[in-house]
Amino acid sequence: MKILLPPSETKRAGGDGAPLAVETLPLPGLHAHRSTTLDALIELAADEEAARRVLKLSARQIGDIEHNRMLRTAPTMAAIDRYTGVLFDALDAATLPKSSRRWLGEHVWIHSAPLGPIGALDPLPSYRLSAGTSIPGLPALRRHWADATTAAIAEAEPSFVLDLRSEAYVALGPVPPSVPSAYIRVVTEHGRALNHFNKKSKGLLVRALAEDRPRLSSERTFRAWAARRDIVLREGDGPGILELVVTE
């Protein structure tokens with residue numbers, strides 16, 4: 001089983017890990033796409049005015065240009081610790097025991113815009129790039145990533161994929177039809193959950209999985225685990241969609 005998470009715009013600064021080594025990341029079929037994206041971001045960062053315009057940065061966010069300039073040389077930290085924000089704060093991976101963090105490393109991919117899906121414990125520098133950004137010298141990120149990422153997931157042959165990404169990141173690499181998967185939508189009894197509760201509920205779901213470390217290999221075994229946890233799931237409004245029912 002693999003869990004696909006979206007990244008977050010907000011990130012923790014610093015790190016004490018070795019610089020990024022693209023060749024060590026999972027899904028090796030994405031190596032060339034990762035290198036091309038990194039090179040384009042580093043080149044963009046050489047022109048502060050252009051980088052500020054393309055990345056839509058405020059005056060307070062200018063430091064993110066320097067992060068992009070140092071993508072290949074900056075210190076790193078585990079991706080699951082790099083990201084902050086509602087989902088990752090609810091997951092609170094830093095407070096999990098080592099066994100749960102290992103489980104996250106084995107089962108979670110976080111779908112970053114510059115690197116595609118990477119493992120939860122893979123080293124990650126700070127960066128600035130979102131799914132909807134168009135980088136000079138690259139095709140639109142959707143065209144750059146989608147087919148290659150879908151093919152890389154298919155090649156990895158996970159038994160089951162639980163897709164918790166936002167639609168913008170799904171567009172950067174849909175799960176191939178050949179891989180059994182379920183896309184999670186967070187809802188209340190009265191309709192779609194608002195953004196804050198959507199992200200928080202996904203973070204709490206992944207934390208519960210990491211705490212229990214279940215052996216899941218299909219939607220059936222995932223739903224059975226959820227029932228034991230009193231997590232309410234129901235069929236969504238389309239094939240392959242599950243609704244996670246929460247209380248706001």
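The values are calculated or read from the model by the stated rules, or taken from the named source; none is laboratory data. Values in this document were obtained by computation on a predicted structure and should not be read as measured data. We place every Cβ from the backbone using ideal geometry, glycine too, and count neighbours over all the protein chains shown.
Among the residues making up the stretch 174-223, those that are in a strand (DSSP E or B), within 25 Å of Asp89 (Cα to Cα) and among the small types (Gly, Ala, Ser) are Ala182, Gly191. Restricting attention to the stretch 205-237 and to residues that are among the basic types (Lys, Arg) and farther than 22 Å from Ser99 by Cβ, the residue that is modelled with the lowest pLDDT turns out to be Arg234. Would you be able to say whether some residue in the stretch 104-125 is outside any loop (DSSP other than H, G, I, E, B) and over 16 Å from the mean Cα position of the chain (by Cα)? No.
For the residues Arg60, Arg72, the requirement of being basic (Lys, Arg), more than 14 Å from Pro7 (Cα to Cα) and either touching a strand residue (DSSP E or B) at 6+ places or on another chain (Cβ under 6 Å) or surrounded by 13 or more Cβ atoms within 10 Å (Cβ to Cβ) (or both) singles out Arg72. Screening Ala74 against (1) at pLDDT 95 or above; (2) over 26 Å from Val206 (Cβ atoms); (3) part of a helix (DSSP H, G or I) leaves a single unmet condition, (3). Residue count for the stretch 30-71 satisfying the condition of being under 16 Å from Pro114 (Cβ atoms) and in a helix (DSSP H, G or I): 25. Among the residues of the stretch 181-200, is any without any contact (Cβ under 8 Å) to a residue 40 or more places away in the chain and touching a Gly at 6+ places or on another chain (Cβ under 6 Å)? Among the residues of the stretch 181-200, not one is without any contact (Cβ under 8 Å) to a residue 40 or more places away in the chain and touching a Gly at 6+ places or on another chain (Cβ under 6 Å), which makes the answer no. Cβ-Cβ contacts under 8 Å between residues 6 or more apart (or on different chains), taken from a first residue in the stretch 222-243 that is closer than 19 Å to Asn198 by Cα to a second residue that is part of a loop (DSSP other than H, G, I, E, B) and modelled with pLDDT under 95, are listed as Val232/Val246; Leu242/Gly236; Glu243/Gly236.
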